[in-house]
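To start, the structure under review is shown below, and the notes come after it.
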Amino acid sequence: MQEKVAPTKTGPGLIRKFFQLDGASIALVFVLLILIFMITAPKAFLGYRVYMSFMATVPPPLIIALGVTLVAVAGEMDLSFPSIVAAASFVFGILFKQWDVTWLALLCAIAVGAGMGLVNGLVVTLLGIPSLIATLAMLFLWGGLVTVLSGGIQLAIPDIYGTTMHTMMVGRIGGVFPAQMIWALLISAFIWLLLNRHRFGENLLFIGDNLEVARVVGINATREKIKLFTLSGALAALAGVLLTLETTAYFSSQGMGYLLTVIAAVFIGGTSIFGGSGKVVGTVFAAFIVTVIEAGLVASGIQGFWTRFFIGLVFILSVTANAIIEDPDKVPLARMLRARMSKH
Amino acid sequence: MADQPIVRLKNVGKSYGPVVSLRDVSLEIGSNEIVGLIGDNGAGKSTLIKIMTGVESPTSGEVFIRGERVDFSNYSVKRAHELRIETVYQTSSLGIKQPLWRNFFVGRPLTNFLGFIKVREQKRISEQIMRETIGFRSAGIDVDTPVGRLSGGERQGVAIGRAMHFDSDLIVLDEPTVALALSEVEKVLNFIRSIKENGRSCIYIEHNIHHVHAVCDRLIVLDRGQLVLDCETKSMSYTELVDFLRDLHFRDDQETKIAS
């Protein structure tokens, strides 16, 4: 998706250029992982069904991760999305159940998510609380509010199945291909353009790179951050509606399962933990990697309990690798090793 | 236009609460001249710059930019850009993880009506600025290079080139040679000379008297908020300037001793 690469004659140059492409190295990891699981779990990974299942379950966390990628680019963090997922699911579910509306319910759910994101943005910028802490607090606050408003109930909306909206959003194209994957890819392309080709994305890059520089060149960091958290909230809400459509149900802890996987996807994908750079394509592949690891380990006969351990391991290794690629001096271990090597 | 000074300060004073930072300063910056601003830490250099570029308002006196009185109530970085004044700060002018083509245009990118950046055009113009305005010749540097891979002197060149491209008449440089290797300093001094060759003005803030004396047309010395010297560089030799500043120091120390 990056600019076209000029052909070089030398092999190493070509390899280096490949790895400079947005998300190239993480795509390689993804392919390797699939190949490994094809050997360890051939029954599942050589058929097409498992891939269709990935494409049905990955879109919601992927869409959230796209928003969080932008947040991370600006050097901020958003942990409130599980509650926004729940809120949007609830709003969507209750509107459909009570008034039988579909598209309108979707719009309302996204509006509610955007509104919650807006409040997150105001809390972060006006109260000056670091976003990691502020959005953690908002995770509880919004989650509590949704549970109170919904009275702790669960909603089942089996009637949504078969509506035009259900078919268009999460139907199976040709009976097999999940429509939500198309939406997720369209949104990925949009977010890529926003980050890499739009002035909003550029402002985020500079805010995350160096807030003082952003201020000096005339970027209104407060306004951009409020927009950013609003967008992140809207995307989480859309993910919540997709999830509810797929499962035809709402329950209040619905989004909690995404907390780890979304954050892992963002940083495994190569977005800088220090802010100032983001890899949208990397996030797309990493969102799949997290799910594939989970499914692949289970299909390979490893006990399900191990999956979180391995995701955690992959998380820490890839974040370290990304940090070393970005700047070895920011990783004390790498710095120590380098100092020792240069001594000899 | 030629006779009109770019910036004119009339009896400007600035105090932060009880702390007086500037006292009754009057000066002018004309067109196409390099003015060196010298002073110790706390002499009021940064305050003076902030007032001249409109970032902060004075507590007394007036500021005129091209003869027009500055209304500080609606002043901003954007407004300063419109008035064609640009400040290049020591360390905070460039995003080091971002490529050159973004750094040249950040804050005022070329966009279409939807706000999407015209990347190809920005790259083309960046290339032109690099080669023609600031004369970059280092191998391995192109418009896609992140600024973090440039040397300190080259970074100053990028910031200066950016200011010139956007047609700033007055470029303020805040200690551009601090922490630079000797060969890098020479590059920066050449960038400063190119500002004048391009028909623009520059205020050059510097600790190193030698550099100031080498490139500036005029010298301004601030001492504890007051203007104590404003003269043509050629009217004073380097040694005379050093002696003058040493006397200033000496007098300060004396006064502090007496006061305490």
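The numbers here are math on the coordinates, done by the rules we state, and not lab data. Bear in mind the structure is a predicted one, so any value in this text is a computation, not a measurement. FYI the Cβ positions are ideal-geometry reconstructions off the backbone, even for glycines, and counts take in every protein chain you see.
Some notes on this structure:
- Counting neighbouring beta carbons within 10 Å and listing from fewest to most, the residues B:S46, B:S57 come out as B:S57, B:S46.
- Between the alpha-carbon centres of the stretch B:12-64 and the stretch A:215-251 there is a gap of 44 Å.
- Average beta-carbon neighbours from other chains, 10 Å sphere, peptide A:197-208: 5
- Projected-area average for the stretch B:7-259 over all orientations - Cα convex hull basis, square nanometres: 15.2
- B:I203 long-range amide H proximity, modeled H, under 5 Å: B:V35, B:I171, B:V172, B:L173
- Once the chain from A:L333 to A:I182 is taken as fully extended at 0.36 nm per residue, the excess over their C-alpha distance is 50.2 nm.
- Rounded to the nearest 500, the helix-only mean residue ellipticity at 222 nm of chain A stands at -24000 deg cm²/dmol, with each DSSP H run of n ≥ 4 adding -39,500 (n - 2.57).
- For the protein assembly as shown, the direction-averaged projected area of the alpha-carbon convex hull comes to 35.8 nm².
- Using C-alpha pairs under 8 Å with a sequence gap of at least 6, the mean separation divided by the residue count of the stretch B:7-259 gives a relative contact order of 26 percent.
- Peptide B:112-119 is shielded by partner chain Cβ atoms: per residue, an average of 4 of them sit within 10 Å of its Cβ.
- Note on B:N41 and A:I316: with the Förster distance fixed at 45 Å, the Cβ-Cβ geometry gives a FRET efficiency of about 0.50.
- Förster radius 22 Å - calculated FRET efficiency between B:N112 and B:T145 (Cβ-Cβ, nearest 0.05): 0.30
- In nm, spacing of pseudo-spin labels at A:S53 and B:V242 (7 Å Cα→C-beta vector): 8.1
- Peptide A:272-283 has a mean shielding of 1, counted as Cβ atoms of other protein chains within 10 Å of each residue's Cβ.
- The residues A:S318, A:S253, B:S168, when put in order of fewest to most other Cβ atoms within 10 Å, stand as A:S253, A:S318, B:S168.
- Computed about the Cα centre, the dipole magnitude for the protein assembly as shown is approximately 1700 debye when only Lys and Arg (+1) and Asp and Glu (-1) carry charge, each at its Cβ.
- For B:K196, A:K225, order by how many other beta-carbon atoms lie within 10 Å, fewest first: B:K196, A:K225
- Once you reduce the stretch B:121-177 and the stretch B:179-199 to the center of their Cα atoms, the two points are 12 Å from each other.
- When chain A is described by a simple charge dipole with +1 on each Lys and Arg Cβ and -1 on each Asp and Glu Cβ, the residue from A:P178, A:L228, A:A189 located farthest towards its positive end is A:A189.
- Adding -39500 (n - 2.57) for every DSSP H run of four residues or longer, then dividing by how many residues chain B holds, sets the calculated 222 nm ellipticity at -10500 deg cm²/dmol.
- Most positive-pole-ward Cα, B:L22, A:P328, B:L83, against dipole of the protein assembly as shown from beta carbon charges: A:P328
- Among B:T53, B:T133, B:T239: highest mean-square fluctuation, GNM of chain B, C-alpha pairs under 10 Å: B:T239
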